[in-house]
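The values are calculated or read from the model by the stated rules, or taken from the named source; none is laboratory data. Treat the numbers as computed from the prediction; the structure is a model and nothing was measured. Cβ coordinates were reconstructed from backbone atoms using ideal geometry, including for glycine residues, and neighbour counts include every protein chain displayed.
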Amino acid sequence: MSHTPRKNRKDAPYFQPQNEDPAPLVLRVTRRVVFSDADPMGVLWHGRYPAFFEMAAAELHRQCGLGYKDFHLARIAAPIVRLQADYLVPVFLDEEVTIQATLHWSEAARLNTEYAIIKPDGVTAAKGYTIQLFVCSKTLGMLIASPEIWTTCRRRWMAGEFAFLQ
């Protein structure tokens with residue numbers, strides 16, 4: 001089962017699901033571009049895109065039992081080991097955008113999350129992905145086996161408990 005990110009910038013998803021994988025989990029949040037987000041030309045500064053991605057991902061993961069508090073209680077962390085952002089069209093000061101986070105199924109001890117920033121007219125302004133690996137929060141050693149909270153999340157996902165996110 002390969003979950004290697006794809007490279008097509010505009011249309012193709014970064015992660016190709018396998019036939020037996022359940023549908024990805026999707027959450028959308030909205031955010032208005034404020035003055036502190038913009039560069040001197042009134043365009044969303046490129047360095048803000050990961051923060052916008054994080055806003056949607058944190059809420060999606062929290063709703064799946066994979067929030068930062070859950071990680072703390074389980075004594076694990078999930079640092080980002082890869083971040084990709086593709087900038088397609090500019091986003092401007094005062095635009096309200098939709099940020100979509102999509103969690104893809106993985107049997108591995110990792111989180112594959114894909115993102116899209118969508119303008120009010122439906123045009124995708126940016127897309128990207130993150131890969132997070134689970135580590136022990138004390139030793140920072142990578143976990144080869146999936147931690148219990150990820151196993152529980154996948155069990156609930158397969159049981160249809162996250163249908164509201166599909």
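For the reader, a short list of remarks on this structure follows.
- Under the condition of being out of contact with any Leu (no Cβ under 7 Å at 6 or more places or on another chain) and surrounded by 21 or more Cβ atoms within 10 Å (Cβ to Cβ), the residues counted in the stretch 117-126 number 1.
- Filtering the stretch 89-103 to residues that are surrounded by 22 or more Cβ atoms within 10 Å (Cβ to Cβ) and closer than 13 Å to LEU60 by Cβ leaves ILE99, ALA101, THR102, LEU103.
- Unique residue being touching a Leu at 6+ places or on another chain (Cβ under 8 Å) and within 22 Å of PHE164 (Cα to Cα) when the list is ALA38, ALA77, ALA56: ALA56
- On inspection, ILE144 does not qualify as surrounded by 16 or more Cβ atoms within 10 Å (Cβ to Cβ) and hydrophobic (A, V, I, L, M, F, W, C).
- Selection of the stretch 20-60 for residues being assigned to a loop (DSSP other than H, G, I, E, B) and either more than 30 Å from ASP70 (Cβ to Cβ) or in contact (Cβ under 8 Å) with a residue 40 or more places away in the chain (or both) yields ASP21, PRO22, ALA23, PRO24, VAL33, VAL34, ASP39, PRO40, MET41, GLY42, TRP45.
Rundown of residues vs (1) modelled with pLDDT of 95 or more; (2) not aromatic (Phe, Trp, Tyr), yes/no style:
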residue	(1), (2)
ARG82	yes, yes
GLU96	yes, yes
TRP105	yes, no
ARG110	yes, yes
ILE117	yes, yes
GLN166	no, yes
